[in-house]
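Asker: Have a look at this one before I ask anything.
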Amino acid sequence: MPESISTKQIMINTPCAICGRITETSQIYPAQFYGEIINEESFSARRFYNQKIHFQVVSCLKCGLWRSDPIIDPEQICRLYQGSKFTYGIHTKNLEKTYGHYLKKASKYISKSERLLDIGCGNGFFMAEAKRQGFKDVWGVEPSIEAIEQASDLIKPFIKLGVFSANLFPSDYFDVITIFQALEHFVEPGKVIEDCLSLLKPGGVVLVINHNISSWPVRFLGESSPVIDIEHLYFFNGQTMKLIFESNGFLVKKVFRVFNRHTLGYLASLLPIQPIWLKDYFIKFLKLVKIEQKSLILPIGNVGLIAQKPK
Ligand SMILES: [Zn+2]
């Protein structure tokens, strides 16, 4: 039986992940639930976007960091991720190219490309790209059992099942740690960053890519944006990414707009078209005229950061 959680249960307040304050917030969007039930479907990565569900979104008045507040019990969130479906398999080719491009940029800051860790690695597609770029010792961490089952035989033994924490690996071990579209999902992103600092060698770097709440598509779509979603517990922009890494001991080297490669079919699946049959029809039309798989490289709504552990 898939686990379901009624949103009528007790909700828990969240602190700002930068300053730790629970109070002093302003509301950005009120909570919105569909049928008042949250289940594994709600937590499946890149699920076909059709239902608008999210917790209340607030902004910290001091730091400007947006967060979901209040949320359901974090332990239940972890269990939902374990059972979540891995549905972005067909898009991994484009993600691999996008992320691979930025890994080359991050590698310029390190002396040796030897050991890499990918947090929230899904089926390990990016781990394979890191190996192609010369990294010899490549690891991943992923909470979804189904995602790991889809990993290739060469990659699978190097993926640890579970939620990332520092005790999974030795200290001062990695040259690069990558976190793609994953930091927003953590209950304590500050702790994740602190753990990255302890696992990196002195001079090692993190490469992080997140949705950007200050980007034009998110600003234009507002609450209809796929970024405003129950899966996201924190919502970043360039400024708050820089703040959270600096407050956890990193030297921020670069904050940049990410140019993603996307197929038209994928972009169409993200559009807030209602009713849903109309969107289905539109995607079928793209297939019919054979442009569904056409790729575009656009700066649509992601922000990246490269930060270094002090030497
Ligand atoms: Zn704050």
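The values are calculated or read from the model by the stated rules, or taken from the named source; none is laboratory data. All values reported here derive from a predicted model rather than from experimental measurement. Neighbour counts are summed over all protein chains in view; Cβ atoms, including those assigned to glycine, are modelled from backbone coordinates with ideal geometry.
Asker: Given the residues E129, E194, E184, which is the only one that is touching a helix residue (DSSP H, G or I) at 6+ places or on another chain (Cβ under 6 Å), not aromatic (F, W, Y) and either not in a loop (DSSP other than H, G, I, E, B) or not assigned by TED's automatic domain parsing to the domain that holds C19 (or both)?
Answerer: Working: E194 fails: touching a helix residue (DSSP H, G or I) at 6+ places or on another chain (Cβ under 6 Å); E184 fails: touching a helix residue (DSSP H, G or I) at 6+ places or on another chain (Cβ under 6 Å).
None of the others qualify; the one that does is E129.
Asker: Is the stretch 108-117 home to any residue that is without any contact (Cβ under 8 Å) to a residue 60 or more places away in the chain and either more than 18 Å from the chain's Cα centre (by Cα) or part of a strand (DSSP E or B) (or both)? Steps first, answer last, please.
Answerer: Of the residues in the stretch 108-117, the ones without any contact (Cβ under 8 Å) to a residue 60 or more places away in the chain are 108.
The next check asks that each one be either more than 18 Å from the chain's Cα centre (by Cα) or part of a strand (DSSP E or B) (or both); those that pass are 108.
Looking through the stretch 108-117, at least one residue is without any contact (Cβ under 8 Å) to a residue 60 or more places away in the chain and either more than 18 Å from the chain's Cα centre (by Cα) or part of a strand (DSSP E or B) (or both).
Asker: State which residue is nearest to the ligand (Cβ to nearest atom) when the search covers only the stretch 11-34 and only residues that are within 10 Å of V58 (Cβ to Cβ) and under 21 Å from the mean Cα position of the chain (by Cα).
Answerer: C16
Asker: Sort out which residues of the stretch 254-299 are in contact with a Pro (Cβ under 7 Å, 6 or more places away or on another chain) and either of a type in the set (S, T, N, Q) or modelled with pLDDT of 75 or more (or both), and write them in order of number.
Answerer: Taking the stretch 254-299 first, the residues in contact with a Pro (Cβ under 7 Å, 6 or more places away or on another chain) are 257-259, 270.
Once the filter is applied, which keeps residues that are in contact with a Pro (Cβ under 7 Å, 6 or more places away or on another chain) and either of a type in the set (S, T, N, Q) or modelled with pLDDT of 75 or more (or both), the stretch 254-299 yields R257, V258, F259.
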